[in-house]
Structure formats: structure tokens, C-alpha cells
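Structure first, commentary second.
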Amino acid sequence: MPITEIDGHRLSLSNLDKVLYPAAGFTKGEAIHYYATVADAVLPHLAGRAVSFLRFPDGVEATAFFAKNVPPGTPDWVRTAEVQRTGEKRETQVVIENLATLVWAANLAALELHTHQWRVDAQRRADRIVFDLDPGEGATVLDCREVGAWLRDRLAEDGLTALAKTSGSKGLHLLAAVRTTDSSAVSAYAKQLAQEAERAMPELALHRMARRLRAGKVFVDHSQNSWAKTTAAPYTLRAKERPTVSTPVTWDELVAARVPDDLVFTAADVPGRVQRHGDIMAPLFDEQRAGTLP
């Protein structure tokens, strides 16, 4: 079993040749390499936040494990935090803040990394707002782009700067930094904007989850602003047929896209993008640019 040392921490890496994405022949070793390569971009988005893992030890076509609690055998150098749940219930979760922990998680086949909109030192107080734009049957990410542009402009009216990333699946995620605010207030504001989007674009936008209504439309999912919900982190792999990535994109790139595949990025594409553009979502960390909810 290969052993590597990262920042003084020894890690045993297992089953590096195991194929996790059969359609692409993409192995666990390649997944670990991907996360190590983009660590400088992904780590700031994970720092200070409890991480929920979506683990695929036998690959994306097999059973997945959604893990919130700290996995058995977690090294003592991995940071953990106690997270309050409903009522008196508490859970202890991993907080990924360095390369060693990121590689350790990848070695668990934790392909997908999901976080709350709040940090563990300010639980249930969000520092960002998120919209998950999900196309129904007959709609595509290009339709999500239209709804996303409307939301971007509407957020700007209230002094919030929206940034976009692909979901790594079919749609888009919009995020904006906000002054730390109770999650319930952010949730209410997000729901209001989703409803406004539906009124402004009734032929395209939908704020309700009912699947019978979603054909040809974009569901503006505002629910992930709830303190209990999580969202796929920027740069996380997704458990799809190919090793797609939830990839930050510029608004110019969205405008330039002609077909949905123009907005599909895989683990092979993203390191080069980060090298060329840096982290397109870095403005989320600029406290001077964080908006205040009206």
C-alpha cells in the first residue's frame, strides 16, 4: 500500500487503480490527483465549514454512502467540529482545511464534497446565498443561463454580486456573498427572489418543486439556503457517468455557450482553467464585496 507524507502527516493510499467511473476508466488515483492539483482553489471554499461526503468506494455505478459523521479511523490530525442539528441532537463532522485532509478524504472515495452556507464558528448564520437552477425535461443549462442572468440582475439591485458555477450535472449554481445573517432570513429572501423570477419569466422559471410542473422549465431551488441543507462545493467532482466537476464560470463564458456541452467540464479540464483564470469565485471571500440583505 503506497504511503505518502503531506505537511508532516503520513497517509496510506489504497486501491489507486480501482476504477470509480467505469464509462471513463477514471480511477481513484486520478480522483486523488485531481483534488491535489486543484487544492489551492478548492480549500478556501471548504475552510471553516463542516463537510458532508458522498462516498463511492465501489464506483459511481454502485451504492453511495452519504456521510456526515466523522468516519471510523479518522486520523487525530484531521480537524473536526461539533454541529448542532434539530433540537439537542449534535453531530461531529470533518472540516477540510489543508491538503493532507483533502487527500485523505479523496482516498476514502469521497468524490463529492458538500457544505452548508455557514461556517462552524457561526452556525446557522449564512455568509452566502445560493440558488440551484435545475432544468426540467426539455430544458437545458442554456435555459438556466437565462434565469441566472435575471437573478444576477435582481441581486445586483439589492447590492449583491452573483457568481456562477456549473452544478456538474445539468444545471447552474449562483452564489453571492452576504454579510453574516441568520439563515432563516437568507432563506426567506431567496424564496422571495425565486417567486419573483417565476412571475417575471412564467414560461421558463419555476419556484415550486412539483415535478408535474417542471417540463421545459428551470426550477429555481432556493431551499439550499436552509441551515440544514448543503450544496456541492465549487470544484467538487460529481458522481455522474463521467468525472464532471462543479466548475466556476464567468458570465462571458455563459453568454458564449452555444450548446449545453460547452458548459460541461471534467477533471481533465479544470486544473488548466484554474491555472489560466485563478479561482473565478474568489470574490466570495472579499468581505468588502459582501452584500447586506434588504
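The values are calculated or read from the model by the stated rules, or taken from the named source; none is laboratory data. Since we're looking at a predicted model, the values are computed, not measured. Note that each Cβ is placed from the backbone with ideal geometry, even for glycine, and that neighbours are counted across all protein chains shown. Heads up: the accessible areas ignore ligands, DNA and RNA and are worked out on the full protein's heavy atoms, side chains in. Shrake-Rupley method; radii C 1.70, N 1.55, O 1.52, S 1.80 Å.
With (1) in contact with a Gly (Cβ under 8 Å, 6 or more places away or on another chain); (2) at pLDDT 95 or above as the list, and SER184 as the residue in question, which single condition is left unmet?
Unmet for SER184, out of (1) in contact with a Gly (Cβ under 8 Å, 6 or more places away or on another chain); (2) at pLDDT 95 or above: (1).
Within segment 204-233, can you find the residues that are open to solvent by less than 20 Å² (accessible area, probe 1.4 Å) and either over 23 Å from LEU293 (Cβ atoms) or in contact with a Leu (Cβ under 7 Å, 6 or more places away or on another chain) (or both)?
Result: LEU204, LEU206, ARG214, VAL218, PHE219, VAL220, ALA232, ALA233.
Only one of (1) free of Cβ contacts under 8 Å to residues at least 60 places away in the same chain; (2) exposed (fewer than 15 other Cβ atoms within 10 Å of the Cβ); (3) part of a loop (DSSP other than H, G, I, E, B) is not met by PRO71, so which one is it?
Result: PRO71 fails condition (2) only.
For segment 274-285, check the following and say yes or no: at least one residue is surrounded by fewer than 20 Cβ atoms within 10 Å (Cβ to Cβ) and among the small types (Gly, Ala, Ser).
yes
Can you name every residue in segment 234-256 that is buried (at least 21 other Cβ atoms within 10 Å of the Cβ) and in contact with a helix residue (DSSP H, G or I) (Cβ under 9 Å, 6 or more places away or on another chain)?
Within segment 234-256, PRO234, TYR235, THR236, LEU237, PRO243, VAL245, THR247, PRO248, VAL249, LEU254 qualify.
What number goes with the only condition from (1) open to solvent by 10 Å² or more (accessible area, probe 1.4 Å); (2) within 14 Å of the chain's Cα centre (by Cα); (3) closer than 30 Å to LYS18 by Cβ that LEU163 does not pass?
(3)
List the helices (runs of 4 or more DSSP H) that sit entirely inside segment 182-294 and contain at least 1 residues that are within 18 Å of ASP127 (Cβ to Cβ).
Once the helices (runs of 4 or more DSSP H) in segment 182-294 are filtered for at least 1 residues that are within 18 Å of ASP127 (Cβ to Cβ), what remains is 183-200.
Scan segment 264-272 and tell me whether some residue there is in contact (Cβ under 8 Å) with a residue 24 or more places away in the chain and more than 29 Å from ALA64 (Cα to Cα).
no
Which residues, taken from segment 194-251, are within 23 Å of the chain's Cα centre (by Cα) and on the phi > 0 side of the Ramachandran plot?
Listed by number, the list holds a single entry, TYR235.
Mind checking which pairs have a first residue in segment 17-42 that is without any contact (Cβ under 8 Å) to a residue 40 or more places away in the chain and surrounded by fewer than 16 Cβ atoms within 10 Å (Cβ to Cβ) and a second that is of a type in the set (Val, Ile, Thr) and not in a helix (DSSP H, G or I), Cβ under 9 Å, 6 or more apart or different chains?
Taking only residues 6 or more apart or on different chains, the pairs are ASP17/THR27; PRO22/VAL60; GLY25/VAL19.
Just wondering, is there one or more residues in segment 82-102 that are charged (D, E, K, R), open to solvent by less than 60 Å² (accessible area, probe 1.4 Å), within 18 Å of the chain's Cα centre (by Cα) and more than 20 Å from PRO271 (Cβ to Cβ)?
Within segment 82-102 (the criterion being charged (D, E, K, R), open to solvent by less than 60 Å² (accessible area, probe 1.4 Å), within 18 Å of the chain's Cα centre (by Cα) and more than 20 Å from PRO271 (Cβ to Cβ)), the answer is no, since none of the residues qualifies.
Under 26 Å from ARG273 (Cβ atoms) and touching a strand residue (DSSP E or B) at 6+ places or on another chain (Cβ under 6 Å) - does that describe any residue in segment 66-79?
Checking segment 66-79: not a single residue is under 26 Å from ARG273 (Cβ atoms) and touching a strand residue (DSSP E or B) at 6+ places or on another chain (Cβ under 6 Å).
Which residue out of ARG55, ARG10 is open to solvent by 70 Å² or more (accessible area, probe 1.4 Å), more than 23 Å from ASP269 (Cβ to Cβ) and among the basic types (Lys, Arg)?
Among ARG55, ARG10, only ARG10 is open to solvent by 70 Å² or more (accessible area, probe 1.4 Å), more than 23 Å from ASP269 (Cβ to Cβ) and among the basic types (Lys, Arg).
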